[in-house]
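The values are calculated or read from the model by the stated rules, or taken from the named source; none is laboratory data. None of these values were measured; they are calculated from a predicted model. Neighbour counts run over all protein chains shown; Cβ positions are idealised from the backbone, glycine included. The accessibility values were calculated without ligands, DNA or RNA, using every heavy atom of the protein model including side chains. Shrake-Rupley method; radii C 1.70, N 1.55, O 1.52, S 1.80 Å.
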Amino acid sequence: MIIIGITGTLGAGKGSIVKYLTKEKGFTHFSVRGYLQKEMEKRRMPNNRDSMTSLANELRAQNSPSYVTDQLYFEALESGKNCIIESIRTPGEITSLREKGSFYLFAVDADAAVRYERIKLRASATDHISYETFLANEAREMNSTDPNKQNLKKCIEMADFSIDNNGDRNQLIIQTEKIIEKL
């Protein structure tokens with residue numbers, strides 16, 4: 001059983017990689033966003049990025065820096081299949097998943113303007129924001145010395161494989177396929 005974690009900047013293409021790996025390679029997808037959205041719904045919290053970030057930070061502070069991804073890992077184990085855990089946001093999540101074995105971290109990034117255009121097209125509940133808010137959200141999640149808060153910069157640095165997604169979807173798939181062949 002292989003577990004792939006995916007980290008990266010907002011709108012970089014994490015979801016496109018997930019779609020490819022689930023449809024073409026038979027991986028099962030476990031989503032941090034999905035986990036948090038279910039919990040937000042239970043708590044009757046607004047479905048926005050601020051609520052999601054706040055809840056994730058709260059769960060990590062109350063339990064452990066890797067709490068959410070650990071919960072998804074246990075679900076992945078039960079499936080017995082190759083899995084993807086999307087979206088890794090703290091170094092503690094990476095450390096915990098690496099300790100479990102057969103884990104590989106993919107990082108995906110692209111220029112901010114390209115990513116903003118992508119999230120506008122994606123138009124999920126958390127994507128209806130200005131470019132300035134987009135940049136502020138990313139800056140907030142990029143660095144933290146608190147192990148319970150997002151540190152995308154460090155997560156990207158810890159990746160086993162990095163993908164530059166400034167091109168089209170086909171170029172993203174080619175890069176992803178080359179990495180999968182190495183596994």
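Pairs linking a residue in the stretch 69-82 that is in contact (Cβ under 8 Å) with a residue 40 or more places away in the chain to a residue that is hydroxyl-bearing (Ser, Thr, Tyr), with Cβ atoms under 6 Å and 6 or more positions apart or on different chains, are Ser79/Thr28; Lys81/Thr28.
Would you check which residues across the stretch 11-36 are of a type in the set (Val, Ile, Thr), touching a helix residue (DSSP H, G or I) at 6+ places or on another chain (Cβ under 9 Å) and open to solvent by 20 Å² or more (accessible area, probe 1.4 Å) and list them?
Restricting attention to the stretch 11-36, the residues satisfying the condition of being of a type in the set (Val, Ile, Thr) are 17-18, 22, 28, 32.
Filter once more, keeping what is touching a helix residue (DSSP H, G or I) at 6+ places or on another chain (Cβ under 9 Å): 17, 28, 32.
Once the filter is applied, which keeps residues that are of a type in the set (Val, Ile, Thr), touching a helix residue (DSSP H, G or I) at 6+ places or on another chain (Cβ under 9 Å) and open to solvent by 20 Å² or more (accessible area, probe 1.4 Å), the stretch 11-36 yields only Thr28.
Pairs are defined by a Cβ separation below 9 Å, a sequence spacing of at least 6 or placement on different chains, a first member in the stretch 129-140 that is on the phi > 0 side of the Ramachandran plot and open to solvent by 70 Å² or more (accessible area, probe 1.4 Å), and a second member that is assigned to a helix (DSSP H, G or I) and at pLDDT 90 or above; no pair meets this definition.
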